[in-house]
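Colleague: What follows is a structure written as structure tokens; I'll ask about it next.
Computed from the coordinates by the stated procedures, all read-outs in this text should not be read as laboratory data. This one's a predicted model, so the numbers in the text were calculated from it and none came from an experiment. Cβ: placed from backbone, ideal geometry, glycine included. Neighbour counts: every protein chain shown.
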Amino acid sequence: MSGVKKPRSPKGTPLDKRFWDKVDKSGGDDSCWPWTYCVDGRGYGMFSLPRGTTKMIRANRMALQLHLGRVLLPDEESCHSCDNPSCCNPRHLFIGSHDDNLKDYAEKHFAKGSRHSQAKLTHKDYLIAMRMRKEGHTQRAIADHFGIDKSYVSRLVRGLTGHTVLENLNEQ
Ligand SMILES: [Zn+2]
């Protein structure tokens, strides 16, 4: 349960072992398993992928991916049932939608964006727009629904998700 960093895994350690070596499982199966390495400003564990690079993935995301044996899609989030950002216990993790994060982003985005000439949607409209997007409506359909420019919808989606991939997925 101490916050003491564990030693670096030796070179050549398999990815999953290298990951779990940095997780403190000492509390037992049902307790929180805190990440013992770097955390970001919000307390989420950061795991470098691949080893030694600056390309980081959130530890809770990595934990869920290892547990599921597959990569999470861009619009799948690794959410905590325990509200402990650094926890990597798969029993405390579940796949959530973008919605929670969207609300977060929306608040930030619109706090800044509402004074901007481009801000044409209310916060509520915005959440509806994102839901429509998720349900597979095209950007054009959303733009028409709100009477706004398609390029504006496009910027919204890109700016919010940070994943241009998500756009392509939904574009089909
Ligand atoms: Zn937990």
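Colleague: Please work out if Thr13 is polar (S, T, N, Q), part of a loop (DSSP other than H, G, I, E, B) and more than 24 Å from Arg158 (Cα to Cα).
Modeller: Criteria met by Thr13.
Colleague: Only residues that are hydroxyl-bearing (Ser, Thr, Tyr) and loosely packed, with under 13 Cβ neighbours inside 10 Å: list them for the stretch 37-79, please.
Modeller: Residues satisfying the conditions are Thr53, Thr54.
Colleague: Only residues in the stretch 16-35 that are crowded, with 16+ Cβ neighbours inside 10 Å count as the first member; pair them with residues that are aromatic (Phe, Trp, Tyr) and not in a helix (DSSP H, G or I), Cβ under 7 angstrom, at least 6 apart or cross-chain, and list the lot.
Modeller: Close Cβ pairs satisfying both conditions: Phe19/Phe47; Lys22/Trp35; Lys22/Tyr37; Val23/Trp33; Val23/Trp35; Asp24/Trp33.
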